[in-house]
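Engineer: Take this structure, written in structure tokens, and hold onto it; I'll ask about it next.
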Amino acid sequence: MAIKRNGCEGCADITCGSTKEVLFQDIAKGVNTAYDRVKARGVSAGLFGSTGTCCRHCNMGPCQIIDGVDDMIGVCGATADTVAARNFARIIAAGSAAHTDHAREMVKGFIETAKGNGPHEIKDVDKLKSLAGVFGIETEDREVNDIALELGEAALAEFGRQDDTPVSMLKRAPKKRQAVWKKLGIEPRGVDREVVEMMHRTHMGVDQEYKNIMLQASRCALGDGWGSSMLSTELTDIMFGTPVPRRAIVDLGVLKADQVNVTVHGHEPLLAESLCIAAQDEDILVLAKKAGAKGINLAGVCCTGNEILMRRGIPVAAGFIQQEMALATGAIEAMVVDVQCIMQSVAQVAGNFHTDIITTNYRAKMEGAIHIQFEEDSPLESAKAILKKAIGNYKKRGKFFIPEKSKLDVVVGFSHETINYMLGGRFRSSYRPLNDNIINGRIRGVGAIVGCDNFKLTDEAHEIIARELIRNDVLVLATGCAATALGRAGLVNPEAIKHAGPGLAEVCETVGMPPVLHMGSCVDNSRILIAATEMVKEGGLGDDISDLPAVGTAPLWMSEKAVAIGQYFVASGAQVVFQSLPVTGAKKFNKYLLEDMMGEYGAHWNVAEDPYEIAKMMIAAIDAKREALGINKQRERVLFDMEMRRDMGSNPVGAGCAGPGA
Ligand code: SF4
Ligand code: MSK
């Protein structure tokens, strides 16, 4: 059953204004999107395997386990708790593997840069030296590229380290947290080894005790957060520049009618950075003009978009759920993709238009796409070949529709260093003012809204949670497609201060920052770990991450990476709230995640489906920490009354799409 596109009937699930605008155009008539497929599939199909107790780890199965029913355990005797824990742990292993393989590519690109190969250079020398210090690398009187090469090689060696030495960056965590990991025996070693061990332990007939399985899952996830993801973020910053606040625009209206539109989709910024350079190349611009275009308009999709948004202010056209909609405008000459979160349907949608889907990574090919391999040792050549292909398509462009009003101003670029500078000033940069404002109650706490969007819940969930949090004086940190969605909602902008509670508004106004800080892509959640660590080190808010009035959510998680992120947050002592977890068919394991983990990590998972409930849980968790720290004072949580909800209803995120305050 297709969504009716000539009115509002049947489109209740689509809340974003620019999505609606595009899909209701005649040119999008033949386009089948995920919204159509979700409707066609029905609700029951979405429930398959959702309780986590189906196992196909060996050929005696598949086995569907029903908790509490004696003859409904696995043929091998595996219980619901064992099966659900194994499945959950494998999700974490897959997510960690994705971040790790991404990080490895970044390290290899970093090594090429250190060797002087390619168009990039070491941009953040201070950060290079600081990270070299973490790895025990001498920096005095040495050439920058020498330090970088030694750092790159040391980092590359860590992925496959075979001895029991923990990953180097673990020592950046608060001392008390390090002691927790040591006591539990979960300090991550080489991350490749942690992923392999996780897969081994969840093979048929190996680890059959759910708590023990989750110890390895924590180790694997910590290897991702404090190892792979952090490494990727830091080396990317060193190479391409640590983000600083800058203005930019987001949403489908960033596409341009009179330029060659090239969208970059996926995760690894090496290619995107090369495309940014190649798009300014004189020869390429001449070619574009010869084709009748005024220039090349690069725009991001998903987290590649967030990477170049943060560092270059390149606009983001779409988050995860809008990747098909970007193509359905008919205005894109090429969508360049690398790895992760690329829906196979983009090739089908592009088939309706003149658009090429160009795969660039040997790991990730797709039927219906063309492949131009991105070569790390000649990145500019690869980038130019891609742009030439896009330019060749410009003249073939037929009817198109760009929702020009859907173009929102955002202020992005909040690395943990930036927060340091903004709150403390360049000459006395420190987290002291943030801590003081939390202690004096102007800022109630910190809420991280991270992760994906997906088609199960309307995408206004991010907006609802963020509005609730900032209204209640909670400073919001955002990453990934959640950050893009909040940008579309007009909240990643200093003007959104008007939606904040008085304390948060006062701080943001003084400093000139939005109440929702965009901190980057999904690997950049590691910035939040460092920010939390800095808050601990600054003092006054306890001596571990688990003491901080801080909590995270990934309300619309889709990717396995989000679960790895959730687990590394919990294992680092931060509470997280997800919209659902695929473990409900296993009672003891479910309880372990939602309650008992607290005893080991000082944090646990939480689940709530309704975005208002998620916000309520987050605020309650923050208040509980404030109480424990002795800094809580009685105050009322500002609730959305019916009028506010009606206001949201008549101006849904999409409304959001119409501008701040909508
Ligand atoms: Fe069934 Fe056990 Fe094999 Fe899983 S490992 S499929 S529960 S027999
Ligand atoms: S791209 S992992 S949908 S955030 Fe990082 Fe977005 Fe989630 Fe992919």
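Engineer: For the chain, build the charge dipole from Cβ charges (+1 Lys, Arg; -1 Asp, Glu) around the Cα centre, then report which of A293, V206, T479 sits farthest towards its positive end.
Structural biologist: The residue sitting most towards the positive pole is A293.
Engineer: May I ask you to compute the full-extension gain from V206 to D126, defined as 0.36 nm times their residue separation minus their alpha-carbon distance, rounded to one decimal in nm?
Structural biologist: Once the chain is fully extended between V206 and D126, it gains 24.2 nm.
Engineer: Over the chain, with the other protein chains present, what is the accessible area per residue in square angstrom, probe 1.4 angstrom?
Structural biologist: Accessible area per residue, the chain: 36 Å².
Engineer: Percent of alpha carbon pairs in segment 419-649 separated by more than 28 Å?
Structural biologist: On the way: 6211 of 26565 pairs.
Here the tail beyond 28 Å accounts for 23 percent of pairs.
Engineer: If the limit is 29 Å between Cα atoms, which of K183/K587; K175/K211; K129/K388; K384/K561; K175/K498 go over it?
Structural biologist: Among K183/K587; K175/K211; K129/K388; K384/K561; K175/K498, the Cα-Cα distance tops 29 Å for K129/K388; K384/K561; K175/K498.
Engineer: Measure of size requested: the Rg and Dmax of segment 110-260, with Cα atoms as the atom set and Å as the unit; please supply both.
Structural biologist: Reported Rg and Dmax, both Å: 19.4, 61.
Engineer: Here's a follow-up. What dipole magnitude, in Debye to the nearest 20, does segment 419-649 give about its Cα centre under +1 on Lys/Arg Cβ and -1 on Asp/Glu Cβ?
Structural biologist: Here the size comes out at about 220 debye.
Engineer: Can you list residues whose amide H is under 5 Å from E268's amide H, if they're 5+ apart or on another chain and H is modeled 1.01 Å from N?
Structural biologist: Those lying under 5 Å, H to H, from E268 are V339.
Engineer: Take the alpha carbon gyration tensor of segment 508-608, find the square roots of its eigenvalues, order them as a ≥ b ≥ c, and report rounded if a/c is under 1.5; if not, report prolate when a/b exceeds b/c, else oblate.
Structural biologist: Note, shape of segment 508-608 comes out oblate.
Engineer: Loop only by DSSP, 12 or fewer other Cβ within 10 Å of the Cβ. Give me the trypsin sites (Lys or Arg not before Pro) in segment 251-357 that pass, ordered by residue number.
Structural biologist: On the way: sites: K256, K289, K290, K294, R311, R312; in loops: K256, K294.
Loop-located and lightly packed - none at all.
Engineer: Now, a different point. So in the chain, what percent of DSSP beta bridges are antiparallel if you round to the nearest 5?
Structural biologist: 15
Engineer: Just want to confirm a number: the relative contact order over segment 68-240, from Cα pairs under 8 angstrom separated by 6+ residues, in percent. Mind showing how you got there, number by number?
Structural biologist: Details: 222 pairs, mean separation 62.0, N = 173.
Answer for segment 68-240 is 36 percent.
Engineer: Less than 13 Å apart at the alpha-carbon level, and either on another chain or at least 8 residues along: which aspartates and glutamates does that give for K456?
Structural biologist: Partners within reach: D13, D36, E609, D610.
Engineer: Taking only DSSP H segments of four or more residues, each worth -39500 (n - 2.57), what value at 222 nm results for the chain once the sum is divided by all its residues, to the nearest 500 deg cm²/dmol?
Structural biologist: Theoretical 222 nm ellipticity from helices: -14000 deg cm²/dmol.
Engineer: Test of understanding: what is the full-extension gain from E613 to Q280, defined as 0.36 nm times their sequence separation minus their Cα-Cα distance?
Structural biologist: My answer for the length gained is 115.1 nm.
Engineer: Find how much the distance from S378 to D258 grows on full extension, using 0.36 nm per residue of separation minus their present alpha carbon separation; answer in nm with one decimal.
Structural biologist: Between S378 and D258, full extension yields an extra 40.2 nm.
Engineer: Which of G118, L184, T139 sits closest to the plus end of the dipole of segment 79-235, meaning its Cα is farthest towards the positive end, when Lys and Arg get +1 and Asp and Glu get -1 on the C-beta?
Structural biologist: Comparing the listed Cα positions along the dipole, L184 ranks first.
Engineer: Between their Cα atoms, which of K256/K365; K290/K389; K29/K256 are more than 18 Å away from each other?
Structural biologist: From the list (K256/K365; K290/K389; K29/K256), the Cα-Cα distance tops 18 Å for K256/K365; K29/K256.
Engineer: Further, regarding this structure: In Å and whole numbers, how far do the C-alpha atoms of segment 251-396 stretch along each principal axis, longest first?
Structural biologist: Principal axes ranked by extent give 34, 33, 29 Å for the Cα atoms.
Engineer: Right, something else. If N is the number of residues in the chain, what value comes out of its Cα radius of gyration divided by 2.2 N^0.38 Å?
Structural biologist: Scaled against compact globular proteins, the figure is 0.92.
Engineer: Take every Cα pair under 8 Å in the chain that's 6+ residues apart, average their separations, divide by the length, and report that relative contact order as a whole percent.
Structural biologist: Working: 1454 pairs, mean separation 111.4, N = 662.
Averaging sequence separation for qualifying contacts and normalising by length gives 17 percent for the chain.
Engineer: Would you work out the charge dipole size for the chain about its Cα centre, treating the Cβ of every Lys and Arg as +1 and the Cβ of every Asp and Glu as -1, and quote it to the nearest 20 debye?
Structural biologist: 1160
The values are calculated or read from the model by the stated rules, or taken from the named source; none is laboratory data. Worth saying up front: this structure is predicted, and the values here are computed from it rather than measured. Ideal geometry is used to build each Cβ from the backbone, glycine not excepted, and the neighbour counts take in all protein chains shown. The accessibility values were calculated without ligands, DNA or RNA, using every heavy atom of the protein model including side chains. Shrake-Rupley method; radii C 1.70, N 1.55, O 1.52, S 1.80 Å.
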